[in-house]
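Nothing in this text is a laboratory measurement; each read-out follows from the coordinates by a stated rule. In this text the structure is predicted, and so the values were computed from the model without any measurement. Using ideal geometry, Cβ is built from the backbone for each residue, glycine included, and neighbour counts are taken over all protein chains shown.
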């Protein structure tokens with residue numbers, strides 16, 4: 001059986017056994033088994049030597065006693081019991097295993113010995129397995145989860161491979177909060193058998209995955225990663241948060257997942273050569289996934305900014321220059337358009353500051369149309385109806401007439417947002433929205449439309465500038481970005 005066939009069984013098995021399924025609330029065997037039977041859609045069997053039933057389902061003392069084929073087994077027994085559990089899986093003809101249990105190579109010599117024994121048994125029986133010391137995996141498109149610590153995410157085009165279970169769960173949660181849809185997730189753990197590179201190769205051919213995210217502490221096979229990434233990034237982007245950059249981080253990684261951290265300078269150079277987008281924070285990872293899905297790749301690095309205030313415009317200008325991007329003067333025709341649409345108080349330059357007036361889409365559109373601008377950033381001034389609604393409620397001004405005015409304002413902004421999206425597509429120019437999203441903004445229809453189009457706002461101008469710089473470098477790698485005259 002080849003790698004793809006094995007991972008097909010891993011991500012969409014017809015039947016699953018949980019070895020160590022439990023009735024005890026709080027235990028992994030409880031959480032995973034309860035999740036599987038709640039989700040449904042496949043045959044699920046509990047294995048427990050001491051219980052006749054688990055959560056009302058007939059239990060078996062061994063996986064070998066299950067009277068039907070088992071495609072995937074999830075093992076959650078203590079590490080000393082895992083070799084015997086893997087032997088049973090071999091005898092049963094289980095195809096893939098998710099080994100959740102810790103206490104292996106990450107803990108020292110005895111753990112290394114047990115891990116090697118488990119690997120030898122699995123290889124002898126033709127089993128491929130995830131882990132050990134991991135938090136499971138999921139395939140959102142078939143509603144299959146073996147990790148009880150992530151939400152039931154929206155189906156979508158983003159896959160995540162994480163060498164840290166907790167970091168992976170944090171990334172999924174962060175994406176879930178901004179409406180980012182996921183295809184598949186795997187917590188790779190110690191990678192005793194299946195490695196980061198195996199999942200990467202599989203996801204490269206996965207039609208449900210358009211962007212691949214990774215949390216990495218070290219590579220088992222750096223050359224294979226480089227060769228795969230160089231080929232994959234021409235078809236779909238790879239965005240990686242590479243931890244263990246310092247000596248302290250590398251030491252923590254070795255004790256965490258027994259990962260080989262490697263030289264950070266070498267990793268950085270390799271990423272650049274093979275087109276991998278390297279980020280430093282979880283929020284940046286999510287922002288980049290959204291940008292790659294929702295934005296066209298820029299044709300140049302000249303940025304135009306519209307800001308709700310002069311101070312934020314200055315912050316944006318500094319951040320844009322620090323990222324190696326340009327902040328060019330506006331063309332004479334753009335200046336004429338803005339003079340016609342804005343009060344005389346506006347800044348008459350780039351960044352565009354309305355001088356105390358409300359930022360409007362009408363001041364953004366001329367920048368998108370400007371031949372001297374490749375990318376635009378709008379700071380604040382959108383999704384404001386929610387804020388106004390809260391203000392009206394706070395001062396007890398709510399009336400039918402005020403409500404109609406707010407609804408009309410929201411309808412007008414939705415129409416203007418549609419025009420903005422059309423202009424983005426027409427001119428193939430990214431438009432990055434930026435604001436600290438309050439509850440009032442996030443529950444509005446405008447925010448919903450931004451989210452649906454993968455235009456969820458960045459929190460700060462600095463983060464927006466980082467996102468734009470990554471888009472520019474990836475566009476350059478792809479041969480799309482043209483040289484600025």
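Listing for the model above:
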{"read-out": "Relative contact order for the chain, counting Cα pairs under 8 Å that sit 6 or more residues apart, in percent", "value": "11 percent"}
{"read-out": "Length-normalised contact order for segment 334-386 - Cα pairs under 8 Å, 6+ apart - percent", "value": "30 percent"}
{"read-out": "P(r), alpha carbons of the chain - 10 Å bins starting at zero, rounded %", "value": "4, 18, 25, 21, 15, 11, 5, 1, 0"}
{"read-out": "Segment 3-130, relative contact order in percent, only Cα pairs under 8 angstrom and at least six apart counted", "value": "23 percent"}
{"read-out": "Equivalent ellipsoid, segment 296-477 (semi-axes from 5 times Cα gyration tensor eigenvalues, Å)", "value": "28, 18, 15"}
{"read-out": "Likely footprinting exposure, 52, 307, fewest C-beta neighbours within 10 Å first", "value": "52, 307"}
{"read-out": "Rg/Rh (Cα only; Kirkwood hydrodynamic radius) as it applies to segment 147-293", "value": "0.93"}
{"read-out": "Percentage, to the nearest whole number, of Cα pairs in segment 3-130 over 17 Å apart", "value": "54 percent"}
{"read-out": "Sorted by Cβ density within 10 Å, fewest first, the residues 207, 353, 198, 403", "value": "207, 403, 198, 353"}
{"read-out": "Estimated [θ] at 222 nm from DSSP helical runs (n ≥ 4, -39500 (n - 2.57)) normalised by residues in the chain, nearest 500", "value": "-14000 deg cm²/dmol"}
{"read-out": "Overall form of segment 301-371 per C-alpha gyration tensor (a/c, 1.5; a/b vs b/c)", "value": "oblate"}
{"read-out": "Packing-based exposure ordering (other Cβ within 10 Å, fewest first) of 82, 233, 64", "value": "64, 233, 82"}
